[in-house]
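Right, one structure below, let's go through it.
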Amino acid sequence: MLSIRNLNVKYGEIHALHDISVEVGQGRVVAVVGANGAGKTTLMTTLAGLLSPASGEILFEGKALPKEAYKILGCGICLVPERRRLYANLTVRENLLMGAYLRKDKAGIAADLERMYDLFPIMRERVKQYAGTLSGGEQQMVAIARGLMSRPKILLLDEPSLGLAPIMVQTMFKAIKDINAEGVTVLLAEQNAFQALDMADEAFVLETGHVLVAGTGKELLDNPLVQKAYLGVKH
Amino acid sequence: MSQYFSGILSLGLIYVIATVGLAIFTGFTGLFSLGHAAFFAIGAYTAAILTYFYGVNFYLALLAAAAASGLVGLLIGYPTLKAKLRTDYFAIATLGFGEATRVLLENLPITQGARGLPGIANYTSLPVILAVAAVVIWIAWNFTHSRHGRAAIAIREDFVAAEMMGVNIFLGRLRSLIFSAACGGIAGGLFAHYFCFIQPSMFTSYMSTQFTAAVVAGGMGSISGPVMAALIFISVPEILRIANIWRLVAYGLLLVLIMIFRPQGLMGYREISFAFVKNFLGRLGKGGKA
């Protein structure tokens, strides 16, 4: 569905991603794990069109992505960015409606709003609250729901567990499973390696811009290298 | 109604029209314009020249003023917004645009340079101003409550996140700028036919600053806030006219006080509404008891 081939991304002189090649299959959950500065966010923002690659290609359903970032969503790729980036002075409902900005089907949008409130019931109580006044966990729910409102084919989640209480992290991972069960492909970047690998069909480890190892989530969980570096398992 | 009072109200409402226009641009897409007096001046001169030299119908001249300013807004906005100038650089570009327009008006034959245009017919009356202000506020209100308005707010709040949601930032900002310029143009046309005399030195950066100050003090992202602020800013110096030169000090003080006690502006991001008034009175009541 999404093929990344020999992708190189640079910030000026700094080479942030080296020859990344990854395939994300339809309906899968693919996890990208790695430490701070490994290039996870760079990869995600490049896929969302906010950075342009130095070389290599990104194909989505066999076609190259458009150059303009605002056209990416129309293709069915939606990024839920790191640190959420909600519109703080819009209400929860308005934030969700912004997610459906490109859609014209009013009935469908109304139905999807209800679906989102079912997915994250706490949001129903916060509908009229300004997004900036919500807790971190609630904001993350709104950010994911805002992304889903665009009816994406693939959802790119950048650090959805960042800064959340452990109980919220559980809720978040469960929600991601539910979303995937409804047919949305998920590409998940996480520092929280154990849980990400546990739920992922496939995964790869990024280290300083290189793909270190790739495999199924289970394989990586059992990989001694990964265990030592990211899961804190001592041998 | 005394003529003095209706005079202040007329001038205040003309400023309201221009300020609401600017509110749609600065308040809703987050870019500062420090040259909006130029759109006002272009509108004033377009309308005045049309009625004065060519005997065009006043209302047509007003529409032409809006169109001319809107077109200039497009010409200025296209390169600056396409280049994605950051807010501060964009503000400097508009400052330059404002000054350039004034210098141009001082040197063109048709504008009669610094002498200005005297003897413009007095077509602008309070009912006309009221009607135009009502229409402009109505359009602005509908815009802010539409899908496009929400997109404009999203651009102000976080333009990266807006882009990710499929908003074309360039078009969104350009659309707002053209509307805002057209409002300035209409206000200028009304102004010219209200004072019956215009000259380039009326449209300095001081005027641009007044518009921007009204938007910021009224609340970025509100329509009713800037409307109130524009009326207050016009009437306060008038009421304080007895204090002579000190009135400008009081005006400055008022701005400083707003920035200290209401940094988000009079209305912040909200609009005045029945619920808002009730809430406000409720809080006042509680404050009184405590």
Inset, instruction - Could you rank the peptides A:202-208, A:40-46, A:122-128, B:174-180 by their average count of other C-beta atoms within 10 Å per residue, with the highest value first? - result: B:174-180, A:40-46, A:202-208, A:122-128
Legend entry - Number of partner chain Cβ atoms within 10 Å, mean per residue of B:165-172: 6
Legend entry - Mean Cα-pair separation over length for segment B:3-289, i.e. relative contact order, pairs under 8 Å, 6 or more apart, %: 34 percent
Inset, instruction - Could you give me the percent of Cα pairs per 10 Å distance bin for the protein assembly as shown, shortest bin first, beginning at zero and ending with the bin that holds the maximum distance? - result: 4, 17, 23, 20, 15, 12, 7, 2, 0, 0
Inset, instruction - Report the antiparallel proportion of the DSSP beta bridges in segment A:79-235 as a percent, rounded to a multiple of 5. - result: 50 percent
Legend entry - Total charge dipole magnitude, the protein assembly as shown, about the Cα centre, Cβ charges on Lys, Arg, Asp, Glu only, Debye to nearest 20: 1260 debye
Legend entry - segment A:1-79 - Rg (one decimal) and Dmax (whole number), Cα, Å: 12.1, 37
Legend entry - Alpha-carbon Rg/Rh ratio, for chain A, with Rh computed the Kirkwood way: 0.96
Legend entry - Positive dipole terminus of segment B:3-289, leading residue within B:152, B:128, B:211 (C-beta point charges): B:152
Inset, instruction - State log₁₀ I(q)/I(0) for segment A:161-235 at q = 0.21, 0.27 Å⁻¹ as given by the Debye formula over alpha-carbon point scatterers of equal weight, solvent excluded. - result: -1.00, -1.32
Legend entry - Cα pair distances exceeding 21 angstrom across segment B:137-250, given as percent: 50 percent
Legend entry - Leading residue at positive end of dipole, segment A:6-127 (Cβ point charges), from A:29, A:98, A:77: A:98
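Counting only other chains, and only Cβ atoms inside 10 Å, what mean value do you get across the residues of A:90-98? Don't jump to the answer; show the numbers that get you there.
Numbers: counts 6, 0, 0, 0, 3, 5, 0, 3, 12.
Across A:90-98, the average partner-chain Cβ count within 10 Å equals 3.
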Legend entry - For peptides B:29-38, A:67-76, B:258-267, A:182-191, sequence by mean Cβ density within 10 Å, most packed first: B:29-38, A:182-191, A:67-76, B:258-267
Inset, instruction - Using the 2.2 N^0.38 Å rule of thumb for compact globular proteins, work out how segment B:2-156 stacks up: its C-alpha Rg over that value, please. - result: 1.12
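I want the antiparallel fraction of DSSP beta bridges within the protein assembly as shown, as a percent rounded to 5. Don't skip to the end; give the middle numbers.
Values: 23 of 41 bridges.
Rounded to the nearest five, the antiparallel share is 55 percent.
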Legend entry - Partner chain coverage, peptide B:140-150 - average Cβ within 10 angstrom: 1
Inset, instruction - Could you tell me the largest-minus-smallest coordinate of the C-alpha atoms of segment A:56-152 on each of the three principal axes, in descending order and whole angstroms? - result: 44, 30, 21
Inset, instruction - Evaluate the charge dipole of segment A:139-179 about its Cα centre and quote only its size in Debye, nearest 20, assuming +1 on the Cβ of each Lys and Arg and -1 on the Cβ of each Asp and Glu. - result: 200 debye
Legend entry - Packing-based order for B:146-156, A:167-177, using average beta carbon neighbours within 10 Å, highest first: B:146-156, A:167-177
Legend entry - Qualifying lysines (Cα of each under 29 Å from Cα of residue A:218; at least 8 residues distant if same chain): A:40, A:153, A:174, A:177, A:228, A:234
Inset, instruction - Can you quote the Å³ per residue value for the convex hull of the Cα atoms in segment A:56-96, rounded to an integer? - result: 98 Å³
Legend entry - Over segment B:74-165, equivalent-ellipsoid semi-axes from the Cα gyration tensor in Å: 34, 25, 8
Legend entry - chain A, relative contact order in percent, only Cα pairs under 8 angstrom and at least six apart counted: 27 percent
Legend entry - Kyte-Doolittle mean at least 1.0, axial Cα span of 18 Å or more - DSSP H helices of chain B: B:3-22, B:36-54, B:58-82, B:126-144, B:169-195, B:224-239, B:246-261
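Rounding to the nearest 20 debye, state how big the charge dipole of segment B:3-289 is about its Cα centre with +1 on each Lys and Arg Cβ and -1 on each Asp and Glu Cβ. Numbers along the way, then the final one.
Working: 18 positive and 8 negative charges, 141 e Å.
In debye, rounded to 20, segment B:3-289 gives about 680.
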Inset, instruction - Evaluate the Debye formula for segment B:3-289 with equal point scatterers sitting on the alpha carbons, no solvent, and hand back log10 of I(q)/I(0) at q = 0.14 Å⁻¹, in q order, two decimals. - result: -1.01
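The numbers here are math on the coordinates, done by the rules we state, and not lab data. Bear in mind that the values here come from a model prediction, so they are computed numbers and not experimental data. Because the Cβ atoms are built from the backbone with ideal geometry, glycine has one as well, and the counts that use them run over all protein chains shown.
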